[in-house]
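Novice: Can you read through this structure? Questions will come right after.
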Amino acid sequence: MDASLRRALPALHRLLETPEAAELLQQHPRAAVVAALRAELAGLRAQALPFETARSFAAARAALAAAARPGLRQVINATGVVLHTNLGRAPLPQAARDAVAAEAAGYCNLELDLETGRRGHRHAACAALLAELTGAEAALVVNNGAAAMLLALSALAAGGEAVVSRGELVEIGGGFRIPDVIRQGGARLVEVGATNRTRLADYANAIGPETRLLLRVHQSNFLQMGFTAMVEPAALVTLAREGGLLSVVDLGSGALVDLSAHGLPAEPTMGQAVGQGFDLVVASGDKLLGGPQAGLLLGRAAVVERLATHPLMRALRCDKLTLAALEATLRLYRDPAGLREAVPALAMLSATAEEVGARAARLLALLPEGLAEMAEGTSLVGGGSLPAAARYAPAAPASPPGNDRRAAGSAHAPRRPAPGRARRRY
Ligand SMILES: *Cc1c(COP(=O)(O)O)cnc(C)c1O
């Protein structure tokens with residue numbers, strides 16, 4: 001490097017005495033200003049560039065402003081994916097936001113039974129609602145669906161075998177794979193059947209003295225078609241029961257209501273899985289349920305009790321804010337008529353082409369001319385839910401009426417702008 005240039009770089013303590021630095025010091029902590037100026041000088045030195053007051057302070061100012069911005073901040077989701085994992089999945093219902101704000105500000109009876117004055121269970125309110133809404137004997141809430149699976153496998157199958165169809169050895173995303181979680185739970189995976197076809201006899205032949213449970217993993221994020229066969233849930237449950245084994249289903253997407261009523265493909269609900277007799281049902285709280293990130297476990301009381309008393313439970317338990325948001329979201333499901341209005345994820349997923357088209361037109365009118373145009377699009381449900389909804393026209397919903405003009409092939413969003421607005425350029 002040019003020695004004259006190095007000499008030309010000002011000393012840090014000199015820079016800190018300038019009026020430009022004084023201005024920065026009014027807005028940012030001294031340590032941050034020092035670090036920003038030091039980094040700027042280091043950069044100039046490395047590139048053998050001279051110090052120019054205006055440009056160099058502008059760079060430091062920009063770096064300080066970037067560091068002062070919150071790391072986690074609001075964005076506009078223009079991806080066309082409603083439950084986008086990278087964007088935080090489901091926006092919370094107003095009731096859930098209110099509940100979070102209220103519980104965050106003060107104390108609450110998180111683990112206190114107000115009736116008896118004794119220690120209570122933190123998930124009691126959510127568990128009672130889940131039981132009411134699904135018919136399950138008992139329920140439990142943990143941090144997310146993956147945690148729920150880990151807890152279930154650890155508590156129910158550790159040291160033994162879990163039997164799964166080869167068609168259900170799913171990767172959920174972010175590298176989370178069912179075979180890995182079974183291993184992590186201390187169980188041995190016994191694969192049965194073929195990728196496309198698994199029969200009841202395959203499960204029956206695999207059952208041995210070490211078998212603890214039969215696991216069904218809902219193919220929530222991909223589709224199989226053609227020469228396929230899978231065992232009816234009720235038959236799997238019966239086989240498990242006859243063998244003195246547990247039956248567990250990982251539903252993934254966690255629908256509580258029949259989505260075909262909202263114009264989406266039918267998805268097995270948690271209540272249906274409970275009704276089919278599974279000993280344990282696992283689902284996510286922030287996929288089709290539209291609530292906060294959570295893992296829901298529901299089923300027979302004796303099984304849920306084994307999970308609740310497992311040492312991992314302490315490591316996987318939710319905080320009060322999650323529980324407040326989840327309870328408020330679940331409460332909304334007591335009123336099916338008001339559900340679509342109250343749960344943003346459901347409202348977006350069931351929006352008609354006309355509704356989304358009108359919203360797009362309003363947005364377009366706010367943008368500078370020529371910046372954007374309105375065109376057909378395809379939306380995805382996302383979050384590993386309802387892969388078919390992107391590809392096939394949903395069945396015409398039973399209610400509300402008027403949805404039958406939805407564009408064919410659209411999940412829920414506009415394929416076609418409303419008549420008269422088609423592809424209008426601005
Ligand atoms: C999404 C999903 C999970 C994981 O749930 P998270 O809440 O994302 O941890 C597990 N199993 C299936 C089948 C899923 O679709």
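Novice: Report whether or not CYS126 is farther than 30 Å from LEU364 by Cα, within 16 Å of the ligand (Cβ to nearest atom), in the same structural domain as LEU323 (by TED's automatic domain parsing) and open to solvent by less than 80 Å² (accessible area, probe 1.4 Å).
Specialist: For CYS126, the condition - farther than 30 Å from LEU364 by Cα, within 16 Å of the ligand (Cβ to nearest atom), in the same structural domain as LEU323 (by TED's automatic domain parsing) and open to solvent by less than 80 Å² (accessible area, probe 1.4 Å) - is met.
Novice: State whether the residues of the stretch 179-197 include one that is in contact with a Pro (Cβ under 6 Å, 6 or more places away or on another chain) and not basic (Lys, Arg).
Specialist: yes
Novice: Looking at GLY71, is it under 30 Å from LEU380 (Cα atoms) and surrounded by 13 or more Cβ atoms within 10 Å (Cβ to Cβ)?
Specialist: For GLY71, the condition - under 30 Å from LEU380 (Cα atoms) and surrounded by 13 or more Cβ atoms within 10 Å (Cβ to Cβ) - is not met.
Novice: Is it true that some residue in the stretch 317-333 is under 17 Å from SER260 (Cα atoms), at pLDDT 95 or above and either of a type in the set (Val, Ile, Thr) or not in a helix (DSSP H, G or I) (or both)?
Specialist: yes
Novice: Separate question: Of the numbered conditions (1) modelled with pLDDT of 95 or more; (2) of a type in the set (Val, Ile, Thr); (3) open to solvent by 60 Å² or more (accessible area, probe 1.4 Å), THR211 satisfies every one except a single condition; which is it?
Specialist: (3)
Novice: Here are some residues: LEU259, LEU223. Which one is of a type in the set (A, V, I, L, M, F, W, C), surrounded by fewer than 18 Cβ atoms within 10 Å (Cβ to Cβ) and within 16 Å of the ligand (Cβ to nearest atom)?
Specialist: Just a single option satisfies the conditions, and that option is LEU223.
Novice: Which count do you get for residues in the stretch 85-104 that are over 19 Å from THR329 (Cα atoms) and not polar (S, T, N, Q)?
Specialist: Residues that pass the stated criteria total 1.
Novice: Right, another one. In the stretch 288-305, how many residues are within 11 Å of ARG89 (Cα to Cα) and open to solvent by 10 Å² or more (accessible area, probe 1.4 Å)?
Specialist: Final tally of qualifying residues: 2.
Novice: Could I ask something else about it? Give me the residue from the stretch 203-220 that is in contact (Cβ under 8 Å) with a residue 40 or more places away in the chain and assigned to a helix (DSSP H, G or I) and, out of that set, farthest from the ligand (Cβ to nearest atom).
Specialist: Out of the qualifying residues, it is ALA206.
Novice: Now for a separate question. Within the stretch 134-142, is there a residue that is under 24 Å from ARG199 (Cα atoms), more than 16 Å from the ligand (Cβ to nearest atom) and assigned by TED's automatic domain parsing to the domain that holds PHE278?
Specialist: Checked the stretch 134-142: no residue is under 24 Å from ARG199 (Cα atoms), more than 16 Å from the ligand (Cβ to nearest atom) and assigned by TED's automatic domain parsing to the domain that holds PHE278.
Novice: If you don't mind, there's one more thing I want to ask. Of everything in the stretch 91-123, what is β-branched (Val, Ile, Thr) and open to solvent by less than 50 Å² (accessible area, probe 1.4 Å)? Give them in sequence order.
Specialist: Answer for the stretch 91-123, where residues must be β-branched (Val, Ile, Thr) and open to solvent by less than 50 Å² (accessible area, probe 1.4 Å): just VAL100.
Novice: Go through the stretch 170-186 residue by residue and tally those that are within 16 Å of the ligand (Cβ to nearest atom), in a loop (DSSP other than H, G, I, E, B) and over 16 Å from LEU251 (Cα atoms).
Specialist: Of the residues in that region, 3 qualify.
Novice: Follow-up. So, in the stretch 262-293, how many residues would count as being within 12 Å of the ligand (Cβ to nearest atom) and within 17 Å of the chain's Cα centre (by Cα)?
Specialist: Qualifying residue count, the stretch 262-293: 12.
The values are calculated or read from the model by the stated rules, or taken from the named source; none is laboratory data. This one's a predicted model, so the numbers in the text were calculated from it and none came from an experiment. Virtual Cβ from ideal backbone geometry, glycine too; neighbours counted across all protein chains shown. SASA here: full protein model, heavy atoms, side chains in, ligands and nucleic acids out. Shrake-Rupley method; radii C 1.70, N 1.55, O 1.52, S 1.80 Å.
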